[in-house]
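Q: What follows is a structure written as structure tokens; I'll ask about it next.
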Amino acid sequence: MKAALLHGPHEDFRIEEWPKPEPEPGSAIVRVRAAGVCGSELDFVEGIFSLNPCPLILGHEIAGEIAESGPGLDYKEGDRVAVHNMMGCGLCRNCRQGWENLCENPRGQLGFTAHGGFAQYVKVPATNLVRLPEQIDYPTGAVLGCSGLTAVHATRLATIDLGETAVVNGVGGVGLSVLQMANLRGARTIAIADKPWKAHLAREMGADEALVVQDYQDVAAWVRDLTEGGADVYFDLVGTSVSMGAGIDCLRHRGRFIIIGYQKDSLIVSPVSLLKREIQIRSSVAGCRRDLEAAVDYAARGKLKVIIDSTLPLESINDCISRLQNREVRGRNVLLP
Ligand SMILES: [Zn+2]
Ligand SMILES: [Zn+2]
């Protein structure tokens, strides 16, 4: 089969012939119809994550159709599926309780530590397949497997109640999905963007307010003005010390600060400033299978929309990476292997 392989950091992807995976009990071979190119690919290209195995087929946002099903599985050739990329053991306490994103003994993650979707075929455990209804196209189904599920998971952890206000700091692919989920939970939403076109997009996707911010100096004052004293929830997708500090300052009493995006920066905060308001700090990492099921269901009912910049052939992978590095992508670029 044809695959895009990364052989080392700071190298281009190479399109090569690679052995097609063989089905085994409990797994299916998925013919990849769409694979999203996510900002996390840059962590491999820039050497922040190491390549193991090496070379590696990246691509953790995958949708396609069943090509071959292992024995005894309830799938037939041509069934449409989205893929949950975190392969939990299914046995540890976290997996048993439905938190596969926190598996204590993971079998790997497709596109991170196991071969992923930048190829014509990928092997997927049956427990990681989610049926994709006809009304969701493959590029959307692929992206739901990353930004959609992350947004559902983070919004679930934020426990938003009716009448609350949520700030979404950073409105890339994940942030726009968080915004829609927070709206679904009944929140009034305030988006913070670094460029006017992103603020415009956030409003189109349902933000009640959208601020364009360069440094974060005035953010807390703006949010307090807009909300009579502060927001109930602040989702941080930017992860700098400054953006996180401003986020804590934005919150009213009993506010929840939700960490989703991160960089190398530290969260620096005085315990007294937390105590005085009983601020809660929570963190959210990727999502569980049930979060992807929920994301697929919301998308099928038109309540969660994914923005696709372009759909491109597998050979365009290196262009997609340089456009990500230049921060030029509107939503997601999706490869069609
Ligand atoms: Zn992703
Ligand atoms: Zn487990």
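The values are calculated or read from the model by the stated rules, or taken from the named source; none is laboratory data. From a predicted model like this one, the values you see are computed outputs, not experimental measurements. Backbone-built Cβ (ideal geometry, glycine too); neighbour counts: all protein chains shown.
Q: All but one of (1) of a type in the set (Gly, Ala, Ser); (2) under 22 Å from Thr311 (Cβ atoms); (3) modelled with pLDDT under 95 hold for Gly70; state the number of the condition that does not hold.
A: (2)
Q: Next up: Yes or no: the range 117-127 includes at least one residue that is surrounded by fewer than 24 Cβ atoms within 10 Å (Cβ to Cβ) and within 18 Å of the chain's Cα centre (by Cα).
A: Scanning the range 117-127, I find no residue that is surrounded by fewer than 24 Cβ atoms within 10 Å (Cβ to Cβ) and within 18 Å of the chain's Cα centre (by Cα), so the answer is no.
Q: Take Val168 and decide whether it is aliphatic (A, V, I, L, M), more than 16 Å from ligand 2 (Cβ to nearest atom), assigned to a strand (DSSP E or B) and closer than 26 Å to Ile279 by Cβ. Step through it out loud before you land on a result.
A: Details: aliphatic (A, V, I, L, M): yes; more than 16 Å from ligand 2 (Cβ to nearest atom): yes; assigned to a strand (DSSP E or B): yes; closer than 26 Å to Ile279 by Cβ: yes.
Judged against the criteria, Val168 is a match.
Q: Mind listing whichever residues of the range 1-47 are in contact with a helix residue (DSSP H, G or I) (Cβ under 7 Å, 6 or more places away or on another chain), under 14 Å from Asn318 (Cα atoms) and either within 16 Å of ligand 2 (Cβ to nearest atom) or acidic (Asp, Glu) (or both)?
A: Hits for the range 1-47 are Asp12, Glu41.
Q: Could you tell me whether the range 192-213 includes any residue that is away from ligand 2 (no atom under 16 Å from the Cβ) and under 16 Å from the mean Cα position of the chain (by Cα)? Step through it out loud before you land on a result.
A: Within the range 192-213, the first condition is being away from ligand 2 (no atom under 16 Å from the Cβ), and the residues that meet it are 192-213.
Those still in the list that are under 16 Å from the mean Cα position of the chain (by Cα) too: none.
No, every residue in the range 192-213 fails to be away from ligand 2 (no atom under 16 Å from the Cβ) and under 16 Å from the mean Cα position of the chain (by Cα).
Q: Follow-up question, since we're still on this one. Of the conditions (1) surrounded by fewer than 18 Cβ atoms within 10 Å (Cβ to Cβ); (2) under 16 Å from the mean Cα position of the chain (by Cα), Gly111 satisfies every one except a single condition; which number is it?
A: (1)
Q: Residue under question is Ala231, and the condition is that it be under 14 Å from Ile192 (Cα atoms) and surrounded by fewer than 17 Cβ atoms within 10 Å (Cβ to Cβ); does it hold? Write out each step before concluding.
A: Working: under 14 Å from Ile192 (Cα atoms): yes; surrounded by fewer than 17 Cβ atoms within 10 Å (Cβ to Cβ): no.
When the stated conditions are applied, Ala231 does not pass them.
Q: Moving on to the next point. In the range 79-94, what residues are in contact with a Lys or Arg (Cβ under 9 Å, 6 or more places away or on another chain) and under 21 Å from Met1 (Cα atoms)?
A: Initially, the range 79-94 is screened for residues in contact with a Lys or Arg (Cβ under 9 Å, 6 or more places away or on another chain), giving 79-82, 84, 86-90.
Within the range 79-94, Asp79, Arg80, Val81, Ala82 meet the criteria.
Q: From the list Leu132, Leu149, which residue is in contact with a Phe, Trp or Tyr (Cβ under 8 Å, 6 or more places away or on another chain) and touching a residue at least 12 places away in the same chain (Cβ under 8 Å)?
A: On the way: Leu149 fails: in contact with a Phe, Trp or Tyr (Cβ under 8 Å, 6 or more places away or on another chain).
Being in contact with a Phe, Trp or Tyr (Cβ under 8 Å, 6 or more places away or on another chain) and touching a residue at least 12 places away in the same chain (Cβ under 8 Å) holds for just one of Leu132, Leu149, which is Leu132.
Q: Go through the range 282-322 and give me each residue that's part of a helix (DSSP H, G or I), acidic (Asp, Glu) and out of contact with any Leu (no Cβ under 6 Å at 6 or more places or on another chain). Reasoning before the result, please.
A: From the range 282-322, those part of a helix (DSSP H, G or I) are 289-300, 314-322; that's our starting set.
Next, from what is left, pick out any that are acidic (Asp, Glu): 291, 293, 297, 315, 319.
If the condition is that a residue be part of a helix (DSSP H, G or I), acidic (Asp, Glu) and out of contact with any Leu (no Cβ under 6 Å at 6 or more places or on another chain), then Glu293, Asp297, Glu315, Asp319 are the ones that fit.
Q: For the range 327-337, which positions are in a loop (DSSP other than H, G, I, E, B) and within 17 Å of Phe13 (Cβ to Cβ)?
A: Pass one, the range 327-337, residues in a loop (DSSP other than H, G, I, E, B): 327-331, 336-337.
Result: Val329, Leu336, Pro337.
Q: Tally the residues that are closer than 22 Å to Ser40 by Cα and of a type in the set (A, V, I, L, M, F, W, C), restricting the search to the range 158-180.
A: Residues in the range 158-180 being closer than 22 Å to Ser40 by Cα and of a type in the set (A, V, I, L, M, F, W, C): 6 in total.
Q: Still on this model: Out of curiosity, is Cys95 farther than 16 Å from Pro23 by Cα, more than 16 Å from ligand 1 (Cβ to nearest atom) and part of a loop (DSSP other than H, G, I, E, B)?
A: Working: farther than 16 Å from Pro23 by Cα: yes; more than 16 Å from ligand 1 (Cβ to nearest atom): yes; part of a loop (DSSP other than H, G, I, E, B): no.
For Cys95, the condition - farther than 16 Å from Pro23 by Cα, more than 16 Å from ligand 1 (Cβ to nearest atom) and part of a loop (DSSP other than H, G, I, E, B) - is not met.
Q: From Gln180, Gln109, grab the single residue that is part of a helix (DSSP H, G or I) and either hydrophobic (A, V, I, L, M, F, W, C) or at pLDDT 95 or above (or both). If you could, list the steps in order and put the result at the bottom.
A: Numbers: Gln109 fails: part of a helix (DSSP H, G or I).
Answer to the selection: Gln180.
Q: Within the range 324-337, which residues are under 22 Å from Ala193 (Cβ atoms) and buried (at least 17 other Cβ atoms within 10 Å of the Cβ)?
A: We begin by selecting, within the range 324-337, every residue under 22 Å from Ala193 (Cβ atoms); these are 324-333.
Leu324, Val329, Gly331, Arg332, Asn333 - these are the residues of the range 324-337 that are under 22 Å from Ala193 (Cβ atoms) and buried (at least 17 other Cβ atoms within 10 Å of the Cβ).
Q: Please go through (1) assigned to a loop (DSSP other than H, G, I, E, B); (2) over 17 Å from Gly26 (Cα atoms); (3) of a type outside the set (A, V, I, L, M, F, W, C); (4) modelled with pLDDT of 95 or more for Glu77 and return the number of the only condition it doesn't satisfy.
A: (2)
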